[in-house]
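All remarks here apply to the structure that follows.
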Amino acid sequence: MSSGHRHPHPPQQPDIEDGPYTWHMALTDAVTDLLLAKGVITGAELRRTLETIDAATPAHGARLVARAWLDPDFKARVLEDANAAAGELGIDAGAIPIRAVENRSDLHNVIVCTLCSCYPRYLLGAAPDWYKSRAYRSRVVREPRAVLAEFGLHLPDHVRIEVHDSTAELRYMVLPLRPAGTEGLDEEALAALVTRDCMIGTAVPAAPAEP
C-alpha cells in the first residue's frame, strides 16, 4: 500500500492455502488431532464450530449497529458488552470479548491487529485480505490518516483518529455514526447502509441516494 495511490486500493495478500504447507499449519493440524484424540472436543463439535464461523457475515454486525442507532438503551448495552447485546438479537458473537468503540463527530475509530489477524469474525465474517497484510498492520498505527485516505476516507482535520489493536483476548468493532438524512429509515434499511469496512473503520456509512 503506497502513499501514491490516487484511488482506494487496499493492500492484497495471497491466499495462504495457495502457498506451501507451513510449520504453523502443521502445528494447527497436530493440535487439532491431539484435542480430538484426547476427547477434549469431538469431531461433531469441531464441525459445528467451523460451520458457525463460515456462516458469519457482516450482516450480523450491521444488524447490531442498526438496532443501536434506533435504540439508545440497546446502544448502551452494545458499548458495555457487545457479545451480550448480540445475543439479544440471536447472534452468537463467540466467546472472545468484543469491545464496540463509538464514532463521534470529532472522533473516528479504526481497528487493526498488529500481531497477526485477530478479528471479530463471528460478527463481521471473514477478515479481508488487506486486514491481514503487513502493510496495513504496520502503517495504520503510525499514519492512520494517510492509510484511511488510501481507502478513500478523507477525514476533516478536527476529527481525532484512535487506533485499537485487537488481540487474542479482546477484539474490537466500530460503531459508526448514523448518517444524516436517515431519520425515516427502519432497522432493515439502516442495516443495509452498514458495510464490513464501516465496522472496521476504513469507511463510513453513507445515506441512501435520492430516488
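A few remarks follow.
- Within the option set Asp165, Asp186, Asp157, Asp129, being closer than 19 Å to Ser105 by Cα and among the acidic types (Asp, Glu) holds for one residue only, Asp157.
- Residue in the range 46-68 that is surrounded by the most Cβ atoms within 10 Å (Cβ to Cβ), counting only those that are modelled with pLDDT of 75 or more and not aliphatic (A, V, I, L, M): Gly61
- Residues within the range 164-196 that are assigned to a strand (DSSP E or B) and either of a type in the set (D, E, K, R) or over 23 Å from Gly94 (Cα atoms) (or both), tallied: 2
- Yes/no for Ser133 being of a type in the set (Gly, Ala, Ser), under 23 Å from Glu80 (Cβ atoms) and in contact (Cβ under 8 Å) with a residue 40 or more places away in the chain: no
- Out of Arg139, Arg160, Arg145, one residue alone is basic (Lys, Arg) and surrounded by fewer than 14 Cβ atoms within 10 Å (Cβ to Cβ). It is Arg160.
- Close contacts from the range 160-180, counting a first residue that is touching a residue at least 12 places away in the same chain (Cβ under 8 Å) and assigned by TED's automatic domain parsing to the domain that holds Val65 and a second that is in a loop (DSSP other than H, G, I, E, B) and among the charged types (D, E, K, R), with Cβ to Cβ under 8 Å and a gap of 6+ residues or different chains, come to Arg160/Asp106.
- Any hit, the range 91-108, residues being at pLDDT 95 or above, part of a strand (DSSP E or B) and β-branched (Val, Ile, Thr): yes
- Residue within the range 113-120 that is without any contact (Cβ under 8 Å) to a residue 24 or more places away in the chain and surrounded by 16 or more Cβ atoms within 10 Å (Cβ to Cβ) present: yes
- Verdict on Val101 being among the hydrophobic types (A, V, I, L, M, F, W, C), in contact with a strand residue (DSSP E or B) (Cβ under 6 Å, 6 or more places away or on another chain), in contact (Cβ under 8 Å) with a residue 60 or more places away in the chain and crowded, with 18+ Cβ neighbours inside 10 Å: yes
The values are calculated or read from the model by the stated rules, or taken from the named source; none is laboratory data. On a predicted model such as this, the values are computed, not experimentally measured, just so you know. Methodologically, a virtual Cβ is constructed for each residue, glycine included, from the backbone with ideal geometry; neighbour enumeration extends over all protein chains shown.
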